[in-house]
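This report refers to the structure that appears directly beneath it.
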Amino acid sequence: MLLSELLSKAPARPESRVERFLFGDRRLGWGRTTTIRVGQVALNFRCRTCDVTRTFLSGAKLSCLVVGDGLLSIDVTLKCSSCASTVEAWFLVAAEDDFYSSAPLVRVERYTENLRDRADRADSDSGPFAELLTRAQQAYELGLGAGSMIYLRKIFELVTHQVAVLADVPLQTSRGKRRPFKDVLQEVNEKRNIIPLRFSGSGYKLFGELSDVIHGHSDEDIALAKYAPCRQLVLGVVDQVAKDNEYANAIEELGWAVDDIGQIASEGVAP
């Protein structure tokens with residue numbers, strides 16, 4: 001396998017033996033750079049210029065920097081296969097044995113990208129919270145557990161407060177102070193059923209999970225382990241609100257005299 005094939009699996013962080021790509025009688029020391037020929041890196045993004053998913057390709061030569069013992073930094077510029085849009089990607093590559101062996105065992109320890117408003121991930125989320133979801137995912141991939149949870153909690157708060165305004169649920173007390181989120185969430189859910197019935201009794205528990213990590217009650221490893229299930233539950237709330245809006249629009253078009261749209265939106269959702 002060529003190193004480019006391994007890098008092309010990003011954002012996954014695979015491990016595999018690859019064909020040797022560092023040569024020479026003298027090993028490169030810390031801070032030294034070199035050019036390597038490992039084939040073209042190919043990553044799929046949704047090109048904003050083309051408005052469709054395209055393969056972005058690197059050049060034949062990649063820039064490689066020695067950043068430590070058995071650790072390389074590889075910077076890649078990729079160009080859309082159809083237009084002139086370019087993005088950047090960065091890989092931190094580690095060797096389990098020796099980069100200078102005939103078939104070194106390497107792994108991608110870290111990957112990040114700079115899409116510069118020119119592209120989006122092919123599987124990126126859409127909708128009003130797409131940017132926050134993307135940031136949450138990027139923080140997770142960088143190993144920032146608390147950071148990823150901050151974005152998830154922000155989405156949960158935003159969607160709850162937006163529905164609160166629509167449902168005439170006050171966000172402040174009679175004295176002008178901010179109401180506790182738990183109270184707002186409970187009242188919003190009673191009026192519009194924004195929490196999927198599968199975990200309707202645990203809506204605030206989800207918020208608590210997110211908050212515990214943010215306030216330092218969990219370490220980064222625990223936060224990273226909780227990210228995927230918490231993200232799924234937050235998306236469940238967003239999806240439930242989206243369904244509510246879809247039902248509301250349909251009922252308005254039909255002219256039905258139905259007040260509690262939230263109740264109708266929850267029909268058919270199995271507990």
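For the stretch 1-135, give the magnitude of the charge dipole about the Cα centre (Cβ charges: +1 Lys/Arg, -1 Asp/Glu; no others), in debye to the nearest 20.
Here the size comes out at about 340 debye.
Taking amide hydrogens as modeled 1.01 Å from N in the peptide plane, which residues meet the under 5 Å criterion relative to Arg121, leaving out close sequence neighbours?
Those lying under 5 Å, H to H, from Arg121 are Arg46.
Quick one: which residues, 5 or more positions from Glu109 or on another chain, have an amide H under 5 Å from its amide H? H modelled 1.01 Å from N in the peptide plane, none for Pro or chain starts.
Leu92, Val93, Ala94
Quick one: in the stretch 59-123, what % of C-alpha pairs are over 17 Å apart?
When every Cα pair of the stretch 59-123 is considered, 50 percent fall beyond 17 Å.
Got a sec to turn the phi values of the stretch 143-158 into Karplus ³J(HN,Hα) couplings, 6.51 cos²θ - 1.76 cosθ + 1.60 with θ = phi - 60°, whole Hz, x for Gly and Pro?
Listing the rounded values in order: x, 9, x, 4, x, 5, 5, 4, 5, 5, 5, 4, 5, 4, 5, 4 Hz.
Assign one of three labels to the stretch 4-126, namely rounded, prolate or oblate, based on the Cα gyration tensor with a ≥ b ≥ c the square roots of its eigenvalues; rounded applies when a/c is under 1.5, prolate when it is not and a/b is larger than b/c, and oblate otherwise.
prolate
Each value in this text was obtained by applying a stated rule to the coordinates, not by laboratory testing. As the structure is a computational prediction, the values presented were derived from the model and not from experiment. Cβ sites come from the backbone with ideal geometry, for glycine too, and all protein chains shown count toward neighbours.
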